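Okay, so here's the structure we're looking at.
None of the figures in this text is laboratory data; all of them are computed from the coordinates on show. Given the structure is predicted, the values throughout are model-derived calculations rather than measurements. Cβ coordinates were reconstructed from backbone atoms using ideal geometry, including for glycine residues, and neighbour counts include every protein chain displayed.
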Amino acid sequence: MTTKENSKTIREMYAVPDVDPAWHVPQTYDGIFDFNFDTSRDTLMHLYQKGKDMQWDAVERIDWTQELDPENPMEMPLESNPIYGTPLWDKLSKQDRIDLLTHGQAWNISQFLQGEQGALICASKIVTQVPTMDAKFYAATQTMDEARHIEAYMNLQKKFGVAYPMTAPLQSLINDALKDSRWDITYLAMQIVIEGLALAAFATIRDVSQNPLAQQVNAYVMQDEARHVMFGRLSLRDYYPQLSDAERDEREEFLVDACYHMRDRFQGPEIYERLGLPVKECLEYGENSETIKLFRSFLFQRIVPVVKDIGLWGPRIQKAYTDMGVIGFADLDVDALHDQDDSIAKDFDARRAYVNSVIKEGNEGVAAE
């Protein structure tokens, strides 16, 4: 990354005009002090200890000397582009395809970056609003995690040289999470839906991309995000049995709307508009793409089993997930997926340590000669 690239703000890189420099969300909730200093839930305190132990430095852990590919930045399969294989794709010049791949991938990273800032604000809200000290403790570690994720995705975004603002569906859901006075809605929107979808989207890049930097950033962020989903899962699993049927029904209605919101967020019409492509035609291709349909289903892999586990599993939820074609994920072992996330991140650390040791040995050998 050049000094000039590093000096640009993300707003200066936006590919759409007139983006507001800030977003103000009025708050209507109470800040709660826990004078019992209640840290009696072993599961949350164990998660808090793990959160402390697993803090890491994005500057040191990630090798930022690595670059993106000039023609396919994250070296993703061409099939992952919504209009790949269509008559419109066939008409594009080589440069037009490069621009489409660059902007499409930059748009994805932009949504990750925007979502991480939403998670930062939501985690800080949870610290303020949640009534028990053990939950405040863990939410404090998550707040630090989210700041680090913003730093990592911001640095990755700058290597693209272009960025996009937050999509309307994502902004709408974060707005609902922040404005609602009930603390559990913040958990439900952010810890369960947004973080759950993000884990699946991150995994796609980690596992399918051939670019080492893109793989590394997403693997390390996922290692943290798995804990965040677990935090929401443990907190809500304890809380929802205390609610009335009417209150749980209300949460299920919110959850269904949130899932449809987020399922439809991966369209990116602004990409096609910016590149001068026919927006309606491109969106139709995307809606009919088997690859995109599969990706959308895969996004719910980490959400459906958690929703079932926390006790929001009424007819409304089950019908929505059946209609989306994702009900089959209900019995997936999400803990095994989280363990796998942790293992993959550690493998990246081991590979980098090995490369560094080889380089060190080579340098020592040269010096000895």
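Eigenvalues of the alpha-carbon gyration tensor of the range 11-116, scaled by 5 and square-rooted, set the equivalent ellipsoid semi-axes at 42, 21, 15 angstrom, largest first. Cross-linked pairs 50/346; 52/346; 91/280; 179/293: Cα-Cα separations exceed 23 Å for 179/293. Taking the helices alone, the chain has a mean residue ellipticity at 222 nm of -21500 deg cm²/dmol, built from -39,500 (n - 2.57) per DSSP H run of at least 4 residues and averaged over all its residues. So what's the net charge close to residue 68: Lys and Arg +1, Asp and Glu -1, counting the other residues with Cβ under 11 Å from its Cβ? With Lys, Arg at +1 and Asp, Glu at -1, the net is -2. Modelled spin-label separation between residue 284 and residue 319, with each label point placed 7 Å from Cα along the Cα-to-Cβ direction: 3.1 nm.
Arranged from fewest to most other beta-carbon atoms within 10 Å of their beta carbon, 150, 194 become 150, 194. The order of 153, 239, 260, going from fewest to most other C-beta atoms within 10 Å of their C-beta, is 260, 239, 153. Of all the options 137, 300, 35, the one that moves most in a Gaussian network model of the chain with Cα springs shorter than 10 angstrom is 35. Cβ crowding within 10 Å, taken as a proxy for footprinting-reagent exposure, orders 297, 7 from fewest neighbours to most as 7, 297. Note on residue 37 and residue 339: the model spin-label points, each 7 Å out from Cα along the C-beta direction, lie 3.6 nm apart. Between residue 352 and residue 246, the C-beta separation translates, for a Förster distance of 41 Å, into a calculated FRET efficiency of about 0.20. Between residue 59 and residue 257, the contour length at 0.36 nm per residue exceeds the Cα-Cα span by 67.5 nm. For residue 14, the residues whose modelled amide H falls within less than 5 Å of its own, excluding neighbours fewer than 5 places apart on the same chain, are 163. Classify the chain as rounded, prolate or oblate from the Cα gyration tensor: take a ≥ b ≥ c as the square roots of its eigenvalues, call it rounded if a/c is under 1.5, otherwise prolate when a/b beats b/c and oblate if not. Here the chain falls in the oblate category. In this structure, residue 273 and residue 294 have a Cβ-Cβ separation that, at R0 = 35 Å, corresponds to a calculated FRET efficiency of about 0.85.
Cross-link partners of residue 94 among aspartates and glutamates, defined as those whose alpha carbon lies under 12 angstrom from its own and excluding same-chain residues fewer than eight positions apart: 71. Structural descriptor for the range 1-141: relative contact order 41 percent, calculated from alpha carbon pairs under 8 angstrom and at least 6 residues apart.
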